[in-house]
Amino acid sequence: MSSILIKNGTVVDGTGAAPIQRNLAINEGKIVDVVANPDRVIDAEHRIVSPGFIDIHTHFDPQLCWDGLATPSLEHGVTTVVIGNCSLSLAPVKPDGTGKLISMFQVIEDIKKPTFDAAVPWCWETFPEYLDFIRGKLGVNVGALVGHSAVRAYVMGKASQERAATTQEIDTMCSIIAEAMSAGALGISSSYLDMDEEMRPVPSRFAEIDEKIALAKAMAASGRGVWQVVPYIVDIEQSLDNIRELGDISLAAGIPCSYQPLLGSGGRAVDVQLQALREQHERGARVYGQTMPRTFDMNMRLSETSMLFYGYPSWKAIMDLPAAERLQKFSDPATRRTLVDELVPRESGVFSIAQMRVGDVYSEENKTYQGQTVAEIAQAEGKAIGEVILDLSLRDNLDTEFQLRGVVNADQEAVVRLIESPFCHFGASDAGAHITQFCGTGDTTYLLSHFVRDSGRLPLERGIQCMTSELAHDWGIRDRGTLEAGQAADVVIFDADKVAITKDEFVDDFPGEARRYVRRATGFDHVLVNGEVVYNSDGYSETRPGEIV
């Protein structure tokens, strides 16, 4: 490792302190007070120098098997990603259990089986073995959560989705958690919401409170650990019950709990959830909501995957087929009537296919429809919603893009209140998941460009603090999050006037039958991980200094 002097920059150190003009010294991967003869000097004049950003909710678990950079996260200043969310991790897993994990990832995170077949080697069984596999390949730091559903399936098999665990099974699960924490795991993720490939509740949803507390205590015995969950977001009263149970787990095990997502979509939901979180803190529990800054927009193409079809069995069955078979099925006149009859528009739902607008198209005939909603086209042409989707898609070899914009998390006033709340964390990006529908990476850039610079709703020092030290402290990510001496040298150098997200790109750079949306960034000059430049304005370096944190 070399020594580096970053000079002439405006340092925002992550603590919430005001920006200050000073140099920053790095030696052997750590922030130091001074370096006498640096191997390299970086001139950061007219630039902000801050700690690297932390993304606490991603699903890069499979992607890290072939892409240790977790692209495009580093391009947005993210130097640490937390994986293993939503009760899913790639370990522990028995050789005959990989199919179950793949199918849950495919349904819950929209990561296809062909991608796993092409690029995930399954050369591990235990959680420590998985961590050993990705170590040494990382350009980004990784905090790894152990998936509660994965642990349950490993210990209980099919019974994990049928009943509560026995005392002996709980003890076995606790041993697995203790082993994972000893190897460097960051905590446990669970879920009150998710369903598997057969639309059955995932294993974690069958766990009773004694099991959850036992696992949380086994985790806490390591001296750190966070319990992260997906609440039952479709019902506010059940979500509030989830928060109360998290308070019980937090108090019983002495740990922080994270609740994802808490969205700013207007109405009473924001206020009642914030009040519920406040009540838990007043009783001494540490329960935090996770909120994202962007409107939760998404795209849909019949050539890819889409969570929007989970409630339509005939459509979903075809979407699960390989691409060539899918085109044949959607083209079949005998199947068309079933599909059209089934796709009844959900006008009142926030994820209404009828209200999606036509985006990118590829045939000349479809160009006239760009910008129109599916409902508008259906009304003008006297067609059903399903007919419009099929007709446009078949003309484009199933690649017609349908866009949902400005619906979910669209109340920006509520979003600011959530970001500023002492009971919420900046997170919920879902980066690495649902890649054929949106790119979760880029929230850090959006916060800096929109909420800090353009709207002025957040001071720069507060915006950086909520992406760095606040998360590092509450999540037990040690030695990171500030630019104080002795901290790991995860550093971002950027032009505050130019940071921006480029237009979404739909690219073909993913293994298996998958393409993905990516959001690039402008304005980031250098991104250092553990004192080494991994990304700069010229692109990625060859160095891979990332660590398990």
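The values are calculated or read from the model by the stated rules, or taken from the named source; none is laboratory data. Computed from a predicted structure; not experimentally measured. Note that each Cβ is placed from the backbone with ideal geometry, even for glycine, and that neighbours are counted across all protein chains shown. For accessibility, only protein heavy atoms count, side chains too; no ligands or nucleic acids. Shrake-Rupley method; radii C 1.70, N 1.55, O 1.52, S 1.80 Å.
Inside the stretch 78-99, residues that are in contact with a Pro (Cβ under 9 Å, 6 or more places away or on another chain) and more than 29 Å from VAL499 (Cα to Cα) make up a count of 3. Across the stretch 493-511, the number of residues qualifying as part of a loop (DSSP other than H, G, I, E, B), open to solvent by 30 Å² or more (accessible area, probe 1.4 Å) and closer than 30 Å to ASP43 by Cβ comes to 4. Restricting the first member to the stretch 446-471 and to residues that are without any contact (Cβ under 8 Å) to a residue 24 or more places away in the chain, and the second to residues that are part of a helix (DSSP H, G or I), the beta-carbon pairs closer than 6 Å and six or more apart or on different chains are GLY463/LEU447; GLY463/VAL452.
Checking each residue in the stretch 314-343 for being free of Cβ contacts under 8 Å to residues at least 40 places away in the same chain, assigned to a helix (DSSP H, G or I) and under 21 Å from ILE111 (Cβ atoms) picks out TRP315, LYS316, ALA317, ILE318, MET319, ALA324, GLU325.
Can you tell me which residue in the stretch 414-425 is nearest to LEU74 (Cα to Cα), limited to those that are at pLDDT below 95 and buried (at least 21 other Cβ atoms within 10 Å of the Cβ)? Among those residues, the one meeting the criterion is ILE419. The set of residues from the stretch 472-489 being open to solvent by less than 10 Å² (accessible area, probe 1.4 Å) and part of a loop (DSSP other than H, G, I, E, B) comprises ILE477, GLY481, LEU483, ALA489. Of all residues in the stretch 304-341, those satisfying the criterion of being closer than 26 Å to ALA514 by Cβ, at pLDDT 90 or above and more than 29 Å from the chain's Cα centre (by Cα) are GLU325, LEU327, GLN328, LYS329, PHE330, SER331, ASP332, THR335, LEU339.
No other residue among ASP411, ASP391 is surrounded by fewer than 20 Cβ atoms within 10 Å (Cβ to Cβ) and touching a Ser or Thr at 6+ places or on another chain (Cβ under 9 Å) apart from ASP411. In summary, THR115 fulfils each of the numbered conditions (1) polar (S, T, N, Q); (2) in contact with a strand residue (DSSP E or B) (Cβ under 9 Å, 6 or more places away or on another chain); (3) open to solvent by less than 10 Å² (accessible area, probe 1.4 Å) with the single exception of condition (2).
In the set (1) modelled with pLDDT of 95 or more; (2) under 22 Å from SER190 (Cβ atoms); (3) in contact with a strand residue (DSSP E or B) (Cβ under 9 Å, 6 or more places away or on another chain), the condition left unmet by ARG47 is number (2).
Please pick out the residue among ARG294, ARG268, ARG278 that is in contact (Cβ under 8 Å) with a residue 40 or more places away in the chain and more than 25 Å from GLY440 (Cβ to Cβ). Every option except ARG278 fails the conditions. For the stretch 121-142, a residue qualifies if it is open to solvent by 10 Å² or more (accessible area, probe 1.4 Å) and either within 23 Å of ASP320 (Cα to Cα) or not in a helix (DSSP H, G or I) (or both), and the qualifying residues are PRO121, TRP122, CYS123, TRP124, GLU125, THR126, ARG135, GLY136, LYS137.
Test of understanding: among ILE102, ILE111, which residue is at pLDDT below 95, under 21 Å from MET195 (Cβ atoms) and touching a Phe, Trp or Tyr at 6+ places or on another chain (Cβ under 6 Å)?
On the way: ILE102 fails: at pLDDT below 95.
Criteria check complete, one pass: ILE111.
Might you check whether a residue that is outside any helix (DSSP H, G or I), more than 30 Å from ILE20 (Cβ to Cβ) and not polar (S, T, N, Q) occurs anywhere in the stretch 457-471? There is no residue in the stretch 457-471 that is outside any helix (DSSP H, G or I), more than 30 Å from ILE20 (Cβ to Cβ) and not polar (S, T, N, Q).
Taking the numbered list (1) of a type in the set (A, V, I, L, M); (2) under 22 Å from HIS434 (Cβ atoms); (3) in contact with a helix residue (DSSP H, G or I) (Cβ under 8 Å, 6 or more places away or on another chain) in turn, MET307 passes all entries but (3).
Hey, any hits in the stretch 56-77 for a residue that's open to solvent by less than 30 Å² (accessible area, probe 1.4 Å), closer than 14 Å to LEU528 by Cβ, part of a loop (DSSP other than H, G, I, E, B) and touching a Pro at 6+ places or on another chain (Cβ under 8 Å)? So far as the stretch 56-77 goes, no, none of its residues is open to solvent by less than 30 Å² (accessible area, probe 1.4 Å), closer than 14 Å to LEU528 by Cβ, part of a loop (DSSP other than H, G, I, E, B) and touching a Pro at 6+ places or on another chain (Cβ under 8 Å).
Yes/no matrix, rows are residues, columns are (1) part of a loop (DSSP other than H, G, I, E, B); (2) touching a strand residue (DSSP E or B) at 6+ places or on another chain (Cβ under 9 Å); (3) surrounded by fewer than 24 Cβ atoms within 10 Å (Cβ to Cβ):
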residue: THR79; (1), (2), (3): no, yes, no
residue: ASP96; (1), (2), (3): no, no, yes
residue: GLY99; (1), (2), (3): no, no, yes
residue: ILE111; (1), (2), (3): yes, no, no
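For the stretch 524-536, state whether one or more residues are open to solvent by 40 Å² or more (accessible area, probe 1.4 Å), in a loop (DSSP other than H, G, I, E, B), in contact (Cβ under 8 Å) with a residue 12 or more places away in the chain and not small (Gly, Ala, Ser). Taking every residue of the stretch 524-536 in turn, none turns out to be open to solvent by 40 Å² or more (accessible area, probe 1.4 Å), in a loop (DSSP other than H, G, I, E, B), in contact (Cβ under 8 Å) with a residue 12 or more places away in the chain and not small (Gly, Ala, Ser).
Which of the residues belonging to the stretch 370-418 are assigned to a loop (DSSP other than H, G, I, E, B) and over 31 Å from the mean Cα position of the chain (by Cα)? Write out each step before concluding.
Residues of the stretch 370-418 that are assigned to a loop (DSSP other than H, G, I, E, B), as a first pass: 370-372, 382-384, 396-401, 405-411.
Passing the criteria: GLY382, LYS383, ALA384.
Rundown of residues vs (1) farther than 22 Å from ALA431 by Cβ; (2) of a type in the set (Lys, Arg); (3) crowded, with 20+ Cβ neighbours inside 10 Å, yes/no style:
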site	(1), (2), (3)
VAL287	yes, no, yes
MET292	no, no, yes
PHE296	no, no, yes
SER306	no, no, yes
TYR310	no, no, no
TRP315	yes, no, yes
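Only a single criterion out of (1) in a strand (DSSP E or B); (2) crowded, with 22+ Cβ neighbours inside 10 Å is not satisfied by VAL41, namely (2). When each of VAL388, VAL344 is tested for being modelled with pLDDT of 95 or more and over 30 Å from ARG462 (Cβ atoms), the lone residue that passes is VAL388.
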